[in-house]
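> Just dropping this structure here.
The values are calculated or read from the model by the stated rules, or taken from the named source; none is laboratory data. The structure displayed is predicted, hence computed values, not measured ones. All Cβ positions, even for glycine, are placed from backbone atoms using ideal geometry, and neighbour counts span all protein chains on display.
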Amino acid sequence: MDVINTIGRRKTSVARLYMTPGKGDININGRVIADYFPSDVLQIIVKQPLVKVSQVENFDIKVNVDGGGLKGQAEAIRLAISRALCEVDAEFRSPLKGEGFLTRDPRMVERKKYGKRKARRSFQFSKR
């Protein structure tokens, strides 16, 4: 097995992932996961698919991620890792699908409309 290349998206975040056999290192934009995501919750979100199929120490992961906020980036990386694990072994598909890790979340920010302050919020009404 050589390098597996997958992509994950969430809101405006795009994560490009390169997975190779290794000892469990995760690098995001050239930084260690603990440096890039200081919050433990975001680190757990990224590692969820690996923990689910018990492959935490078997692969080295390099990710280039851009756009959006930290939470959207973490969920984009989670989708990319899940897709890569399915390419490694088809047996991993059913546990990952059961947890919802293979589903691309379609929710996006609604666009602003003219005559409104935001997407739906109107300007303050003054009777007099």
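> Might you let me know whether the stretch 12-25 holds any residue that is buried (at least 18 other Cβ atoms within 10 Å of the Cβ), more than 11 Å from the chain's Cα centre (by Cα), farther than 16 Å from residue 99 by Cβ and touching a residue at least 24 places away in the same chain (Cβ under 8 Å)? Talk me through it step by step, then tell me what you get.
Kept after step one, since they are buried (at least 18 other Cβ atoms within 10 Å of the Cβ), are these residues of the stretch 12-25: 13-15, 17, 19.
Subset that is more than 11 Å from the chain's Cα centre (by Cα): 19.
With farther than 16 Å from residue 99 by Cβ added as a condition, the list becomes 19.
Now narrow it down to the ones that are touching a residue at least 24 places away in the same chain (Cβ under 8 Å): 19.
Taking every residue of the stretch 12-25 in turn, at least one turns out to be buried (at least 18 other Cβ atoms within 10 Å of the Cβ), more than 11 Å from the chain's Cα centre (by Cα), farther than 16 Å from residue 99 by Cβ and touching a residue at least 24 places away in the same chain (Cβ under 8 Å).
> When you go through 122, 54, 126 one by one, which is the residue that is on the phi > 0 side of the Ramachandran plot, in a loop (DSSP other than H, G, I, E, B) and out of contact with any strand residue (DSSP E or B) (no Cβ under 7 Å at 6 or more places or on another chain)?
54
> Among the candidates 109, 63, single out the residue that is surrounded by 11 or more Cβ atoms within 10 Å (Cβ to Cβ), hydrophobic (A, V, I, L, M, F, W, C), out of contact with any Pro (no Cβ under 6 Å at 6 or more places or on another chain) and not in a helix (DSSP H, G or I).
Working: 109 fails: surrounded by 11 or more Cβ atoms within 10 Å (Cβ to Cβ).
Checking each option against the conditions leaves just 63.
> Can you tell me which of (1) of a type in the set (Asp, Glu); (2) under 18 Å from residue 6 (Cα atoms); (3) in a helix (DSSP H, G or I) is the one residue 35 doesn't meet?
Residue 35 satisfies all of (1) of a type in the set (Asp, Glu); (2) under 18 Å from residue 6 (Cα atoms); (3) in a helix (DSSP H, G or I) except (2).
> Against the definition (in contact (Cβ under 8 Å) with a residue 12 or more places away in the chain, of a type outside the set (Val, Ile, Thr), farther than 12 Å from residue 101 by Cβ and not in a helix (DSSP H, G or I)), how does residue 71 come out, yes or no?
Numbers: in contact (Cβ under 8 Å) with a residue 12 or more places away in the chain: yes; of a type outside the set (Val, Ile, Thr): yes; farther than 12 Å from residue 101 by Cβ: yes; not in a helix (DSSP H, G or I): no.
Against the criterion (in contact (Cβ under 8 Å) with a residue 12 or more places away in the chain, of a type outside the set (Val, Ile, Thr), farther than 12 Å from residue 101 by Cβ and not in a helix (DSSP H, G or I)), residue 71 does not qualify.
> A further question on this structure: When the residues of the stretch 112-121 are filtered to those that are more than 31 Å from the chain's Cα centre (by Cα) and loosely packed, with under 10 Cβ neighbours inside 10 Å, which remaining residue is nearest to residue 73 (Cα to Cα)? Show your work before the answer.
Let us first name the residues in the stretch 112-121 that are more than 31 Å from the chain's Cα centre (by Cα), namely 114-116.
This time we only want the ones that are loosely packed, with under 10 Cβ neighbours inside 10 Å, so: 114-115.
Working: 114: 30, 115: 32 Å.
Within the stretch 112-121, the match that is nearest to residue 73 (Cα to Cα) is 114.
> Follow-up question, since we're still on this one. Just name the residue that is modelled with the lowest pLDDT out of those in the stretch 1-36 that are small (Gly, Ala, Ser) and out of contact with any strand residue (DSSP E or B) (no Cβ under 6 Å at 6 or more places or on another chain).
Step one: list which residues in the stretch 1-36 are small (Gly, Ala, Ser), which gives 8, 13, 15, 22, 24, 30, 34.
Keeping just the survivors that are out of contact with any strand residue (DSSP E or B) (no Cβ under 6 Å at 6 or more places or on another chain) gives 13, 24, 30, 34.
Values: 13: 96, 24: 90, 30: 94, 34: 93.
Per the stated criteria, the residue is 24.
> Of the conditions (1) under 21 Å from residue 16 (Cα atoms); (2) surrounded by fewer than 21 Cβ atoms within 10 Å (Cβ to Cβ); (3) of a type outside the set (A, V, I, L, M, F, W, C), residue 73 clears all except one; give me its number.
The failed condition is (2).
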